[in-house]
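What follows is a single structure, written as structure tokens, with notes after it.
The values are calculated or read from the model by the stated rules, or taken from the named source; none is laboratory data. Because the structure is a prediction, the values reported are computed rather than measured. Note: ideal-geometry Cβ built from the backbone for every residue, glycine included; neighbour counts use all protein chains shown. These accessible areas exclude ligands, DNA and RNA; they are computed on the full protein's heavy atoms, side chains included. Shrake-Rupley method; radii C 1.70, N 1.55, O 1.52, S 1.80 Å.
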Amino acid sequence: MLSRTSRLVLNRHLQRQLKNVVVSKRNFSLTKYAQEATFFPMPAMSPTMEEGGIVSWKVQEGAEYASGDVLVEVETDKATIAVEAQDDGKLVKILKHDGDKDIKVGLPIAILAEPTDDLATLKLPEVPAETESATAAPTPTPAPEPEAPKDTSESKSSSSTSTSTTADPKQTLFPSVEILLEENGISHEDALAKISATGPAGRILKGDVLAYLGKISVESNKQIASYIESKSHLDLSSIQLREPAAATSSTESTSTTASKEEAPKKPSKPQPVVIEKTFTIELDAPRDEILKNIALRQHNAELAAYATKLYQESDLNDPIFEDLIAPPKNTERFKVDIKANIPFQRNANTAAFDDLFSHETKPQEEEASVTVKLTLNNVADAKERAKIFLSHF
């Protein structure tokens, strides 16, 4: 059996061995993790983005950055966007530098590492051949040989088709242009600097913004602008002056004068439409009562004419709409002229006296006639309402 001192020594030895195993395992894990430096690809800032450019790097090579720091500003076909870091790390190497353009989405633009990695012993991943060829310095190309001067007509046609100009910095943007810029996060300064203007005097149009955003074709926008510009000026080159008419002979002038004298006169103004109808009333009441009856009939007929709806009840007719387009009810549709022919009526007081001077023993039966004359005014429903008046008289 071991003594107490021996057991204490053995425990300390075992603890040291266990501690060395844990440390070696941790060091192995960290060394393996440190070798896995990662690429930072060109980010896709929109679903339709295929290529982009590097405006400027905000972190230098070998510098550390924290989560949320801006690493780089990327230029798309619509705007310039700042790309932030998602985690802490180090920028090992920049593969695409400031000013590089036409970089495909997903192509490596930098190499990143963990904050605790040692850049001196860090194993970098192999850069793709496409990235190396793109990052290599471009070889100087020979200057193009001067071409022969083209025909002036061709130069005019080519200049007329390219109507895009730089935007006027002093212009006031249209509301439609302001709305598009606000919806797509484009500032006023960027619009004036980057959007080609096809409007007159360097004015930015709505089509220019749509073409810049890629929603319409740039060529179609230029063609429309060229067509509008071609129609904005009158072409007077093909206009010919009319030759003066030859002097006419005396006979022709005489016949012309005669024809002018025989020209028909202008038609007179149309006469108003008149509707006339005669009614017969039996003499079964005194004259005053007959006149009151005629006045009452006229009143009732006028009420019926102005109160009757002329449109038919149907699902296709809207009463509110019909009332809006109909003439006002207080508009005078026609003028009424009534003439009553009431013969002389004998009464009991004068009958005996009249019989002395009359050879007839029995008076003849007589009737009263009433003539109603309606003169129509120039109102749409005058004729229809006049007929209603006569039917209720």
- request: Net charge near Ser67: determine it from the other residues with C-beta under 15 Å of the C-beta of Ser67, scoring Lys and Arg +1 and Asp and Glu -1.
  value: -4
- request: May I ask for the net charge around Glu51, where only other residues with Cβ less than 9 Å from the Cβ of Glu51 are counted and Lys, Arg are +1 while Asp, Glu are -1?
  value: -1
task: With label points built 7 Å along Cα→Cβ from the Cα atoms of Ser226 and Ala44, find their separation and express it in nm.
output: 3.5
query: If Lys and Arg each add +1 and Asp and Glu each add -1, what is the summed charge of the other residues whose beta carbon sits under 12 Å from the beta carbon of Arg385?
result: +1
- request: For each pair in Lys269/Lys373; Lys265/Lys383; Lys78/Lys222; Lys269/Lys309; Lys266/Lys373; Lys170/Lys206, compute the distance between the two Cα atoms and list the pairs where it is over 24 Å.
  value: Lys265/Lys383; Lys269/Lys309; Lys266/Lys373
message: Let's test the formula: R0 of 41 Å, r as the Cβ-Cβ distance of Ile179 and His233. What FRET efficiency results, to the nearest 0.05?
response: 0.85
statement: Rounded to the nearest 10 Å², the 1.4 Å probe accessible area of Val72 is 0
